[in-house]
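Peer 1: After the structure tokens below, expect a handful of questions from me.
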Amino acid sequence: MNDLANKRIILGLSGGIACYKAAELCRAMVKEGATVQVVMTEAAAQFITPVTMQALSGQAVYSSQWDAREPNNMAHINLSREADALLVAPASADFMAKLIHGRADELLSLMCLARPIERVPLLLAPAMNREMWSHPATQRNILQLRADGAHVLGVGQGEQACGETGDGRMLEPEEILQDVVAYFKPQSLRGRRVWVTAGPTFEAIDPVRGITNLSSGKMGFAIARAAREAGADVTLVAGPVSLTTPRGVHRINVRSALDMHQAVQPALTQADVFVATAAVADWRVAQMAEQKIKKDGSGQVPSLAFTENPDILAGVAASERARSGALFCVGFAAESHDLLRHAHEKRQRKGVPLLVGNIGPATFGQDDNALLLVDAQGHMELPRADKLSLARQLMVQIAQRLR
Ligand code: C5P
């Protein structure tokens, strides 16, 4: 996908070992269609060379305000006027301390100060040692930067180049990329709390066996990501899948349908939107064996008795807030044929205002899908596309239907 098509991004590097991640970030943004102009401080060039950044961005790097390449010798003005965003990654403690004073003694800070503040957003991806990060001076500077309109992204947690462990690592390139992409998206769900169920469930037979299904969780994870991009506060209740949690999404891992049922209960009082994409097992084994069921050589096969699982979506849709319209519920239906008829029937049976139909075999495990939206007014098709694009379109439809 080209999530950053037609976007001109200035990628600023200040000094820090996380400069090595800026190379990957630059590549990822170019891959998404952005034109990336790299600007480096003198300290950044101690960690990675301008040659590397030039090769990855396809543009000559700027590092001095005295650069004679610009005919008017005003790189700070020319470059910052053309940009859609200025992203400093890594933003060192020292660089941020400079910004709060409006200092401008080298090209990158000069550009941060000279950019048209209402038109060119400043995004900062901090990177530093954990003590530097938690120091009151740094935390104070971050508050000031936010008050001055900068968008300070978070930091990662873990092992640091200095050998210590804690907060302050720069976010991973993919995480920063997701934040940059989200920054350009319309915030149609800002302030809304969205809960999503995703993936299969696993119903244990004994400690080593169980019954599950082929749901990959990809559609639900794409919906969680799209909701967060649209500004929502997102909780993702995920069955057993090995997908990466979308950036900024709160994930709760569950295994069985009963676990999932339990995990979504806070949504009844807290959520504004509930989207049930999970392929929940209809039945569970009535009595899970405490120990592994052994084959005893007699040729006898075990018999399993089943009991019905709660219908999670129908339960949420029957709650008081859902019936009053304060909680908007969206169901999914995976069918093999007669999609429109089954989707209408399922919408009524589940008691939800919006039901999204798709063809099961054409979506399970795939990266793309096609959706059929069914509500009380009629239906609407979202033609085949990758799941993230469909999820974004679905968020637009949901946002339009919210009170
Ligand atoms: O009844 P069916 O499984 O076809 O319904 C699919 C929809 O209901 C999906 O939105 C699914 O997440 C939800 N569902 C549920 N709990 C169940 C079964 C289905 O939330 N036990």
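Peer 1: Give the residue list of GluC sites (Glu not before Pro) in the range 170-255 that are DSSP loop and have at most 14 other beta-carbon atoms within 10 angstrom.
Peer 2: none
Peer 1: Antiparallel as a % of all DSSP beta bridges within the range 8-183, to the nearest 5?
Peer 2: If we restrict to bridges inside the range 8-183, about 20 percent are antiparallel.
Peer 1: Still on this structure, please answer the following. Report, as a whole number in µm² per second, the diffusion coefficient that Stokes-Einstein gives for the range 8-183 at 37 °C and 0.692 mPa s using the Kirkwood radius over alpha carbon pairs.
Peer 2: Translational D for this selection: 206 µm²/s.
Peer 1: Please identify the GluC sites (Glu not before Pro) of the range 284-393 that satisfy two criteria: DSSP loop assignment and at most 11 other Cβ atoms within 10 Å. Which are they?
Peer 2: Those that pass, being in a loop and sparsely packed, are GLU290.
Peer 1: Can I ask one more? Under a Cβ-Cβ cut-off of 11 Å, what is the net charge of the residues other than GLU164 that fall near it, where Lys and Arg count +1 and Asp and Glu count -1?
Peer 2: Computed value for this residue: -1.
Peer 1: Calculate, in whole percent, how much of the Cα-Cα pair population of the range 39-124 lies beyond 15 Å.
Peer 2: In whole percent, the share of Cα-Cα pairs in the range 39-124 beyond 15 Å is 59.
Peer 1: Given the convex hull of the Cα atoms of the range 333-403, what is a quarter of its surface area in nm²?
Peer 2: Averaged projected hull area, Cα only: 4.7 nm².
Peer 1: Restricting to bridges with both residues inside the chain, how much of the DSSP beta-bridge set is antiparallel, in percent to the nearest 5?
Peer 2: 35 percent
Peer 1: Something else now. In deg cm²/dmol and to the nearest 500, what is the mean residue ellipticity at 222 nm of the chain if only DSSP H runs of at least 4 residues count, each as -39500 (n - 2.57), divided by the residue total?
Peer 2: -9500 deg cm²/dmol
Peer 1: Quick check on the range 241-359: what are the equivalent-ellipsoid semi-axes from the Cα gyration tensor, as sqrt(5λ), descending, whole Å?
Peer 2: Whole-Å semi-axes of the equivalent ellipsoid: 32, 19, 15.
Peer 1: Sequence gap at least 6, Cα distance under 8 Å: using those rules, report the relative contact order of the chain to the nearest whole percent.
Peer 2: It comes to 11 percent, rounded to a whole number.
Peer 1: Here's another thing I want to ask about it. I want to make sure I understand the PRE zone here: with the label point 7 angstrom from the Cα of ASP386 toward its beta carbon, which residues in the range 356-370 have backbone N atoms less than 20 Å away?
Peer 2: Residues 362-370 fall inside that zone.
Peer 1: Please give the contour-minus-distance gain from ASP296 to HIS337: 0.36 nm per residue of separation, less the Cα-Cα distance, rounded to one decimal in nm.
Peer 2: Taking ASP296 through HIS337 to full extension adds about 10.5 nm, to one decimal.
Peer 1: Further question on the same structure: Please go through the range 295-398 and write out the trypsin sites (Lys or Arg not before Pro) that DSSP classes as loop and that have at most 16 other C-beta atoms within 10 Å.
Peer 2: Hits after loop and neighbour filter: LYS295.
Peer 1: Same structure again: Could you pull the Rg and Dmax for the chain, using just the Cα atoms, both in Å?
Peer 2: 25.2, 91
Peer 1: Among residues other than ASP206 whose Cβ falls under 10 Å from its Cβ, what is the net charge (Lys/Arg +1, Asp/Glu -1)?
Peer 2: Net charge in that neighbourhood comes out at +2.
Peer 1: Right, something else. Label points 7 Å out from Cα along the Cβ direction at ALA147 and ASP206: separation in nm?
Peer 2: The two pseudo-label positions are separated by 6.6 nm.
Peer 1: Could you calculate the contour length gain from GLU320 to THR307, that is, 0.36 nm times the residue separation minus the distance between their Cα atoms, to one decimal place in nm?
Peer 2: The GLU320-THR307 span can extend by a further 2.0 nm.
Just so you know, all these numbers are worked out from the coordinates, no wet-lab data involved. As the structure is a prediction and not an experimental result, all values here were calculated from the model. No Cβ is skipped: glycine too gets one built from the backbone with ideal geometry, and neighbour counts run over all protein chains shown.
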